[in-house]
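Computed from the coordinates by the stated procedures, all read-outs in this text should not be read as laboratory data. Small disclaimer: the values here were computed from a predicted structure and weren't measured. As a convention, Cβ positions derive from the backbone with ideal geometry for all residues, glycine included, and neighbour counts pool all protein chains shown.
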Amino acid sequence: MEKINRSKPYKKEVLEHLHRVQIEMIQDLDRVCKKYEIPYFAAFGTALGAVRHQGFIPWDDDTDVGMLRKDYDRFLEIAEKELGDHYRVLTPEVDKRYACNVTKLQRKGTVFISHLSKNLKCEQCIFIDIFPFDCVAPTKKLAKRQWFMTTFLDRLLYLCGTPYPVIPYKGIKFALAQSICWCTHYGLKLFHVSPRFIYRLYVKACTKYNPMHTKYVTSFGDAESMQYKFPVKNMFPVEEVPFEDISICVLRNNKEHLENAYGNYMELPPEDRRINHSPYVIKFEDE
C-alpha cells in the first residue's frame, strides 16, 4: 500500500489559485444563503483561519461551513435552482458511489482528487465541505450511544469506498487493523451493501434527537464530535468577520467553538501536523 503524506506542501502558485477559486465559492454560497435567510457559519479549519490568519490557514486547501440540520435541508432544496449552473451537491444520496458522510458543494468543470479519495468512482471537484449540526441526546448514556453509532457508521461508510483508510498504528496493530479494514471492505462488496444504504442509517442516527430540540448540537461522524458539541443558544445570530479580501460568517461565540475543537487554537502546529488533503489530481476550469 502506498504511504500517504498528508502534510505534503503545494506549489505556491497552485495553492494561491485554489484559494482564489474557493473565495469565489464562498461568495456564491454566502449570496444564496442570505437571499433565502439560511444561517451558515465557518466551521473547524475555516473558522480557525478566520481568527488566527484572517483568511485561509496557509497550508489548508478547503473550506468548511456548518448549518443546523433544518437550514441544511433548506439549502439542499434550493441549491440546484440557485447554483446548478456552476455547482453540484455531492452526497451518497446523489451518487451512491460516494462513500463519505461529508456533503460537498462542488465546482463544475474542476477536478480535485486527494490521495485518500482516489479509489472513489464518483466525480470529484474543488469543493466546500458542508457539515449539518444535529441535536445531541439529552443524557450522557444516550449521547455516548449516539456517538458510538454515528462514529461506527461513518467508519463503515468510508470502508465502502476503500480497503485502505489512514490507520494510526504501527507494527502488529497496524497489520491487524489493515486486515480488518480489508475484510470489511470486500465483505460489504460481497453482500452488495451500498454507501447510500449506510449513509441513510448514519443520518437516522445523527437526527434521532432533533425533534426534542436538546441543549447541544454537534457535527457527528468525527471521533471527537462530542468534544466540540456546542450550546444552540450561544450560536446565533452569526457574525461577519474579515476573511482574505471578503468577509465570512462565524458563530456568535466562535472562540468557544475553536477552544472546544482545538484547545489552544492560536498556537501553530508543528510542520508534520499541518494537514491538507494531499492532492493527487487538481485541475481548474481554465486548464
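Roughly speaking, what is the centre-to-centre gap between the stretch 94-152 and the stretch 24-79 when only Cα atoms are used, to the nearest Å?
Centre-to-centre (Cα) distance: 15 Å.
Using the 2.2 N^0.38 Å rule of thumb for compact globular proteins, work out how the chain stacks up: its C-alpha Rg over that value, please.
After normalising by residue count via 2.2 N^0.38 Å, the value is 0.98.
Over the chain, what is the relative contact order in percent, taking alpha-carbon pairs closer than 8 angstrom and at least six residues apart?
26
Among K81/K108; K35/K81; K141/K233; K140/K215; K35/K104, which pairs are too far apart, with a Cα-Cα distance over 18 Å?
Distance filter (> 18 Å) returns K141/K233; K35/K104.
For the stretch 60-191, what is Rg from Cα atoms divided by 2.2 N^0.38 Å, rounded to two decimals?
Against the compact-globule rule of thumb, the ratio is 1.20.
Report Rg (one decimal) and Dmax (nearest whole number) for the stretch 29-88, counting Cα atoms only, units Å.
Both quantities, over Cα of the stretch 29-88: 12.9, 35 Å.
Given +1 on the Cβ of Lys and Arg, -1 on the Cβ of Asp and Glu, and no further charges, what dipole in debye does the chain carry about its Cα centre, rounded to the nearest 20?
That gives a dipole near 1540 debye.
Under 13 Å from the Cβ of V203, count the other residues' Cβ atoms, weight Lys and Arg +1, Asp and Glu -1, and hand me the total.
Local charge sum for V203: +1.
For the stretch 160-287, compute Rh as the Kirkwood radius over C-alpha pairs and then the Stokes-Einstein diffusion coefficient at 37 °C and 0.692 mPa s; write the answer in µm²/s, rounded to an integer.
Rounded, D is 172 µm²/s.
Take the eigenvalues of the Cα gyration tensor for the stretch 1-133, scale each by 5, and report the square roots as semi-axes in whole Å, largest first.
23, 19, 14
Choose one answer from K215, K140, K104: the residue with the largest mean-square fluctuation in a GNM of the chain with alpha-carbon springs under 10 Å.
Residue with maximal mean-square fluctuation among K215, K140, K104: K140.
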